[in-house]
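Notes to accompany the following structure.
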Amino acid sequence: MQTRLLWQRLRLPLLAALIVLASLAARATWEQMQAYERAAGLEKVGKIDESIDEYRWTLRWYTPWGPKWTDAADALVRIANTADQPEPMRALRALDALRSGLIAGRHLWQPRADLVAWVNGTIPPVMVRVAEKIGDKRDKKELLAQFTRDYARPVGVSPLTSAAVSLGFLAWLTGLLMMARRGLDTEARITRIGWRWLAVAVSGFVVWTLGMWLG
């Protein structure tokens, strides 16, 4: 009887959470595929700069199972390598799109951290060539040292951020479940302890959101 009552109280919140998560996952996957198709089409007709922006969007719609995510990263690497010497500005745009797109996919860990590290080491000399192309008269060695310092930063997600994201997500779900289990009276109104669990859920959601955003 108690199990049946618990299920009756939890089924709607669980169903709602499942629908929201499934919708977000489906949209991210669909947008990723659409952005990649646009990018590949633009690259095919020679609109390389426009394709770089679409490849960036492909990476930003990250999902662990995304079918086009790796293809987009490989495409930006190819564009950067092809344009490196003759068109350093285009190479820099491709590398910047690759880096920002990869970093946008951070969560509990950094997807393709090896590629992020490669970009961090590849961008500085390309930036020097861009500076030379636009007439910057500063010493190349000094510029390279400066740009190298700018991109010499840790790659990945700190343990503190991972802990905040994990604990925040756990508190969010636990608060909602406990509110549904113990925080409702016979008329489905929120009780005093229910408001406490709701506060836990809201706090967990805030911590999870900030961890994902600032991490």
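In loop segments of the range 53-95 as defined by DSSP, the chymotrypsin sites (Phe, Trp or Tyr not before Pro) with at most 12 further C-beta atoms inside 10 Å of their C-beta are Trp65. Multiplying the residue separation of Ser158 and Lys141 by 0.36 nm and subtracting their alpha-carbon distance yields 2.9 nm. Cross-link partners for Lys68 among the lysines, with Cα-Cα distance under 26 Å and sequence neighbours closer than 8 places in the same chain left out: Lys44, Lys47. Based on C-alpha pairs under 8 angstrom that are at least 6 apart in sequence, the chain has a relative contact order of 16 percent.
In this label model, Arg182 and Val202 are separated by 2.0 nm, measuring between points 7 Å along each Cα→Cβ vector. Taking GluC sites (Glu not before Pro) across the range 105-211, the ones in a DSSP loop with at most 13 further Cβ atoms lying within 10 angstrom of their Cβ are Glu187. Per-residue 3J(HN,Hα) values for the range 94-101, derived from phi via the Karplus relation 6.51 cos²θ - 1.76 cosθ + 1.60 with θ = phi - 60°, read 5, 5, 5, 4, 5, 5, 5, x Hz in sequence order (x marks Gly and Pro).
Please sort by residue number the trypsin sites (Lys or Arg not before Pro) in the range 152-206 whose DSSP state is loop and whose Cβ has at most 10 other Cβ atoms within 10 Å. Within the range 152-206, the qualifying trypsin sites (Lys or Arg not before Pro) (loop, at most 10 other Cβ atoms within 10 Å) are Arg189. Near Leu184, the amide H atoms lying under 5 Å from its own belong to Thr191; only residues 5 or more places off or on other chains count, and H is placed 1.01 Å from N.
Tell me the mean residue ellipticity at 222 nm calculated for the chain from its helices only (DSSP H runs of n ≥ 4, each -39500 (n - 2.57), averaged over every residue, nearest 500). Write out the running numbers ahead of the final one.
On the way: 8 runs with 168 residues, N = 215.
After summing the helix terms and dividing by the residues of the chain, the value is -27000 deg cm²/dmol.
Tell me whether the range 25-157 comes out rounded, prolate or oblate; compute the Cα gyration tensor, take square roots of the eigenvalues as a ≥ b ≥ c, and use a/c under 1.5 as the rounded threshold. Judged from the Cα gyration tensor, the range 25-157 comes out oblate (a/c at least 1.5, b/c at or above a/b).
Quick note: the coordinates plus some simple rules give every number you see, no bench work behind them. The model shown is predicted, which means the values in this text are computed figures rather than measured ones. Ideal geometry is used to build each Cβ from the backbone, glycine not excepted, and the neighbour counts take in all protein chains shown.
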